[in-house]
1. Does residue 47 satisfy being in contact with a strand residue (DSSP E or B) (Cβ under 7 Å, 6 or more places away or on another chain) and either on the phi < 0 side of the Ramachandran plot or surrounded by 17 or more Cβ atoms within 10 Å (Cβ to Cβ) (or both)?
2. Check the range 91-104 and report whether any residue there is buried (at least 16 other Cβ atoms within 10 Å of the Cβ) and over 24 Å from residue 5 (Cα atoms).
3. Find all pairs meeting these conditions: Cβ atoms under 6 angstrom apart; at least six residues apart or on different chains; first residue within the range 106-122 and touching a residue at least 40 places away in the same chain (Cβ under 8 Å) and at positive phi; second residue buried (at least 16 other Cβ atoms within 10 Å of the Cβ) and in a loop (DSSP other than H, G, I, E, B).
4. Go through the range 75-105 and give me each residue that's within 24 Å of residue 14 (Cα to Cα), assigned to a helix (DSSP H, G or I) and in contact (Cβ under 8 Å) with a residue 40 or more places away in the chain.
5. Say whether the condition of being part of a loop (DSSP other than H, G, I, E, B), closer than 30 Å to residue 136 by Cα, in contact (Cβ under 8 Å) with a residue 12 or more places away in the chain and in contact with a helix residue (DSSP H, G or I) (Cβ under 7 Å, 6 or more places away or on another chain) is met by at least one residue in the range 62-74.
């Protein structure tokens, strides 16, 4: 199964739409609830990162019987130092984003903790691509 979602940068009222829709799909497919939780947490964090930091993005999802593969491509400022961005508590979120309750610096660490495979590539001034795989354990 293949799905694509568009994400609008700065639109916090729609942040989480893709992860919410994917959760419904995975439940209909009878995916184990523990796997559903991992997928939803990882995708939600990635989706919020696009909303908080990028101009726009695309989420590409492929589901098979053994795993889910998610690719998030955004157009935005990019990540200057991916290793630093992976550290818990590190954030480049604006003051406005932090005042809304986002930007605590847990997004990328939460994605890493809930995926079986994670790669992040980024070009400053162009955008970021996040690739994650979550294996189904049931």
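Computed from the coordinates by the stated procedures, all read-outs in this text should not be read as laboratory data. Note that the structure is predicted; figures quoted are calculated from it, not measured. Here Cβ is always computed from backbone atoms with ideal geometry, including for glycine, and neighbour counts include all displayed protein chains.
1. It is true that residue 47 is in contact with a strand residue (DSSP E or B) (Cβ under 7 Å, 6 or more places away or on another chain) and either on the phi < 0 side of the Ramachandran plot or surrounded by 17 or more Cβ atoms within 10 Å (Cβ to Cβ) (or both).
2. Among the residues of the range 91-104, at least one is buried (at least 16 other Cβ atoms within 10 Å of the Cβ) and over 24 Å from residue 5 (Cα atoms), which makes the answer yes.
3. Nothing qualifies.
4. Correct list: 97 only.
5. Looking through the range 62-74, none of the residues is part of a loop (DSSP other than H, G, I, E, B), closer than 30 Å to residue 136 by Cα, in contact (Cβ under 8 Å) with a residue 12 or more places away in the chain and in contact with a helix residue (DSSP H, G or I) (Cβ under 7 Å, 6 or more places away or on another chain).
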